[in-house]
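First up is the structure itself, then whatever we jot down about it.
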Amino acid sequence: MASVEIRNLRKSYATTHVIKDVSIDVDDGQFVVLVGPSGCGKSTLLRMIAGLETISGGEVQIDGAVMNAVPPKERDIAMVFQNYALYPHMTVAENMGFSLKLKKVSKAEIRAKVERAADILSLSHLLDRRPKQLSGGQRQRVAMGRAIVRDPKVFLFDEPLSNLDAKLRVQMRTEIKALHQRLGSTMVYVTHDQIEALTMADKIVLMNDGRVEQMGPPLELYDRPANLFVASFIGSPSMNFFDGTIENGAFRTTSGVVLPLAQIPSGAEGRPLVYGIRPEHLQLGGAGGVAVEVAVIEPAGSETQLYGKLGTDDLVGVFRERLSARPGESVTVTPSSEQVHLFDKATGNRL
Amino acid sequence: MTEVPSRNAGGHGQAEKPVRLSGEPFAWRHLLYLAPGLALYALFCLWPVIQTIQFSFHRWDGITDARWVGLRNYIQVFTSAQTLTVFGNGLIMIIFYAVLPVLIGLLIVAIMTRIRIRLLSVFRTVLFLPQILATVVVAVAWRWIYAYDGPINALLSAVGLGSLSRAWLGDFDTALISVGLIGTWINFGLCMVLFIGGAQKIDTQLYEAARLDGAGPFQEFMAVTLPGLRGEISIALVLTVTNALRNFDIVWNTTSGGPGTSTLVPSYLIYEGAFITRNVGFAAAASVVLTVLILVLTGVITRLMRSED
Ligand SMILES: Nc1ncnc2c1ncn2[C@@H]1O[C@H](COP(=O)(O)OP(=O)(O)OP(=O)(O)O)[C@@H](O)[C@H]1O
Ligand SMILES: [Mg+2]
């Protein structure tokens with residue numbers, strides 16, 4: 001177990017800068033999720049921690065020791081790859097024990113460690129199979145078993161669930177989280193799925209275009225997004241945004257709709273702003289509500305999603321109630337003013 | 001595993017379906033569609049094979065009436081000192097035509113998986129070139145290279161090793177090796193191209209996983225590259241072993257089997273028997289033995305190289 005510190009890390013391929021001055025602290029035993037849109041540099045960052053990618057600038061430290069020039073095998077890290085990367089000609093047990101075999105660990109000890117890991121992951125009955133004879137979820141477990149067997153300082157995961165179907169993904173998500181709680185190891189987990197990030201992380205690092213947009217506990221990113229990018233990335237369906245200005249103590253959108261505010265930050269009046277409200281923070285009806293023209297209603301059992309127009313802006317709402325309005329009709333919704341986010345239109349930053 | 005056959009044996013009538021595509025009952029008429037192809041195959045492939053087998057039990061000079069001699073030709077093939085040397089030469093050729101090219105090919109691929117080689121496609125084309133060139137051209141070129149006044153000897157005397165120079169193809173000690181190395185040169189390009197193609201299909205994450213697991217270059221090769229190239233190695237061996245045992249044109253165009261019998265190979269012996277010494281029965285028996293040898297060897301190779309699943 002160990003901490004990982006990333007200091008002003010940079011990575012460039014010729015003239016393209018892929019990682020631009022990233023600094024992250026991962027505490028001992030923490031589960032950190034790197035999340036961001038495709039191509040933002042998550043994998044590159046993870047691979048730099050692993051030593052699979054050279055470092056163009058800055059430092060990677062594990063337990064305080066600079067790793068920049070240390071070869072991957074000496075970093076004492078284990079990585080779980082997106083497509084599992086299991087050796088096809090080896091059995092499950094051989095796959096899991098391979099790193100120990102290379103370290104010249106005794107056969108009996110390898111066996112014991114492999115069996116223990118197989119037990120944790122309920123793989124014991126599959127130890128003699130080859131990867132080809134396993135299902136996707138089982139292969140995923142073997143890949144994790146291979147990491148566990150090594151008892152590394154840090155576990156690295158690169159989108160390990162993206163090849164699984166939706167149901168299995170949810171199940172494995174829970175399993176990885178349980179594994180983390182059981183082993184108490186430091187884990188860095190890459191995903192582009194914000195739900196995975198929210199549900200699994202102790203700390204989320206939200207990246208965009210080679211930079212960190214915001215990092216912190218999941219609910220902090222959800223409750224207090226630092227800018228428009230974070231606000232739109234975290235949460236599903238994503239936050240509603242309305243351009244406008246504050247006039248006479250209320251927010252007026254460009255199409256003239258007046259939306260409620262709990263308090264007005266000083267100096268916010270008069271300049272172009274963005275009003276953000278999450279779909280789940282809209283209520284049906286209510287005094288002081290606004291009229292929304294219904295476009296589509298999607299009942300999903302436990303909740304109902306509403307797609308409509310607020311003035312000329314698009315609006316999405318998620319309600320616990322069932323809605324019977326038809327397209328073209330108008331419903332009244334009220335933003336809960338405590339949960340409104342205001343952003344500066346020019347910089348995109350939170351006020 | 002065991003449930004699969006029993007399910008078919010259960011016989012819900014499903015097992016038979018794929019055989020009869022249209023669902024209509026089998027009719028002899030269907031064989032008619034196969035007839036033209038089968039006829040050509042029989043005429044140009046099966047018939048000569050059958051005839052050869054038939055000849056192998058006869059004594060025949062190709063002109064007068066053939067005389068049944070039973071197994072005598074085969075006994076001669078297996079007892080004559082010369083024939084045994086010739087088949088021995090054929091087996092030695094396997095080392096040069098098959099084993100060496102495959103080993104060199106694997107070595108280069110192993111290096112390439114560690115170091116990216118620029119101009120890969122140029123490299124590949126150049127290496128594959130011997131495969132496209134007519135063998136006669138290759139043989140003539142190498143005859144010149146090996147000649148007493150050729151570049152190899154010139155190079156040797158230039159570096160002060162002139163005492164080693166000789167007529168490489170005319171020397172009892174070096175002729176077989178020299179002919180063999182031509183085969184190595186021809187076939188190694190083929191192996192390379194097969195292996196490079198195979199190596200490019202191997203998932204790069206496997207190499208990274210091996211590196212993280214702590215594998216060095218050799219262990220990485222054994223754990224990732226070699227198993228990944230299993231199919232390609234098998235194909236390369238089948239092609240080159242067949243090539244080695246059938247080898248005729250290179251020998252014909254460089255040494256004609258000489259000096260003495262030192263580079264005589266089975267195909268050459270068969271050619272001599274059939275068309276020069278007019279001992280057709282013996283040549284046929286040797287052909288049958290050679291064919292069986294090739295079938296057995298390639299069979300063993302494919303069986304050994306087949307992955308267990
Ligand atoms: N060898 C390379 N040369 C140039 N650019 C590269 C190279 N490898 C990656 N990149 C660029 O680096 C950026 C980050 O790549 P990376 O694989 O880290 O993205 P990612 O965040 O993991 O995306 P995804 O979610 O799609 O996996 C991408 O824009 C990619 O085009
Ligand atoms: Mg990636």
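The values are calculated or read from the model by the stated rules, or taken from the named source; none is laboratory data. Predicted model, so just to flag it, every value in this text is computed and none were measured. Note that we place each Cβ from the backbone using ideal geometry, even for glycine, and neighbour counts take in every protein chain shown. Surface areas here come from the heavy atoms of the whole protein model, side chains and all, with no ligands, DNA or RNA. Shrake-Rupley method; radii C 1.70, N 1.55, O 1.52, S 1.80 Å.
Here A:Phe81 clears all of (1) of a type in the set (Phe, Trp, Tyr); (2) within 14 Å of chain B (Cβ to nearest Cβ); (3) away from ligand 2 (no atom under 16 Å from the Cβ) except the condition numbered (3). Would it be correct to say that A:Leu206 is buried (at least 17 other Cβ atoms within 10 Å of the Cβ), hydrophobic (A, V, I, L, M, F, W, C) and either modelled with pLDDT of 95 or more or in contact with a Ser or Thr (Cβ under 6 Å, 6 or more places away or on another chain) (or both)? Answer is yes for this residue. Taking A:Val92 and the conditions (1) touching a strand residue (DSSP E or B) at 6+ places or on another chain (Cβ under 8 Å); (2) surrounded by 23 or more Cβ atoms within 10 Å (Cβ to Cβ); (3) within 14 Å of another protein chain (Cβ to nearest Cβ), which numbered condition does it fall short on, given that it satisfies the others? Status for A:Val92: all satisfied but (1). Of the residues making up region B:39-79, those that are aliphatic (A, V, I, L, M), more than 16 Å from B:Gly281 (Cβ to Cβ) and either at pLDDT below 90 or within 26 Å of the chain's Cα centre (by Cα) (or both) are B:Leu40, B:Ala42, B:Leu43, B:Leu46. Selection within region A:38-53: residues that are part of a loop (DSSP other than H, G, I, E, B) and of a type in the set (A, V, I, L, M, F, W, C). The member of this set that is farthest from ligand 2 (Cβ to nearest atom) is A:Leu52. Screening the candidates B:Leu107, B:Leu100, B:Leu84 for the property of being at negative phi and surrounded by 15 or more Cβ atoms within 10 Å (Cβ to Cβ) yields one hit, B:Leu100. For the structure I just gave you, tell me whether A:Ser38 is touching a strand residue (DSSP E or B) at 6+ places or on another chain (Cβ under 8 Å) and small (Gly, Ala, Ser). Criteria not met by A:Ser38.
Search region A:38-69 for residues being more than 15 Å from A:Tyr13 (Cα to Cα) and open to solvent by 40 Å² or more (accessible area, probe 1.4 Å), and hand back the single one that is nearest to ligand 1 (Cβ to nearest atom). Within region A:38-69, the match that is nearest to ligand 1 (Cβ to nearest atom) is A:Ser38. For region B:160-175, indicate whether the set of residues that are modelled with pLDDT of 90 or more, at negative phi and in a helix (DSSP H, G or I) is non-empty. Checked region B:160-175: at least one residue is modelled with pLDDT of 90 or more, at negative phi and in a helix (DSSP H, G or I). So, of the residues in region A:1-37 that are small (Gly, Ala, Ser) and under 19 Å from the mean Cα position of the chain (by Cα), which turns out to be nearest to ligand 2 (Cβ to nearest atom)? Among them, the one singled out is A:Gly36. Of all residues in region A:57-99, those satisfying the criterion of being under 32 Å from the mean Cα position of the chain (by Cα) and assigned to a helix (DSSP H, G or I) are A:Pro72, A:Lys73, A:Glu74, A:Val92, A:Ala93, A:Asn95, A:Met96, A:Gly97, A:Phe98, A:Ser99. Just for region A:146-193: of the residues that are within 16 Å of ligand 2 (Cβ to nearest atom) and among the β-branched types (Val, Ile, Thr), which one is surrounded by the fewest Cβ atoms within 10 Å (Cβ to Cβ)? Here the residue is A:Thr191. With the condition kept exactly as written, say whether any residue in region A:113-134 is outside any helix (DSSP H, G or I), surrounded by fewer than 16 Cβ atoms within 10 Å (Cβ to Cβ) and within 16 Å of ligand 1 (Cβ to nearest atom). No, that holds for no residue.
Determine whether region A:309-326 contains at least one residue that is touching a His at 6+ places or on another chain (Cβ under 6 Å), touching a residue at least 12 places away in the same chain (Cβ under 8 Å) and surrounded by fewer than 16 Cβ atoms within 10 Å (Cβ to Cβ).
Within region A:309-326, the first condition is being touching a His at 6+ places or on another chain (Cβ under 6 Å), and the residues that meet it are none.
The answer is no; no qualifying residue exists.
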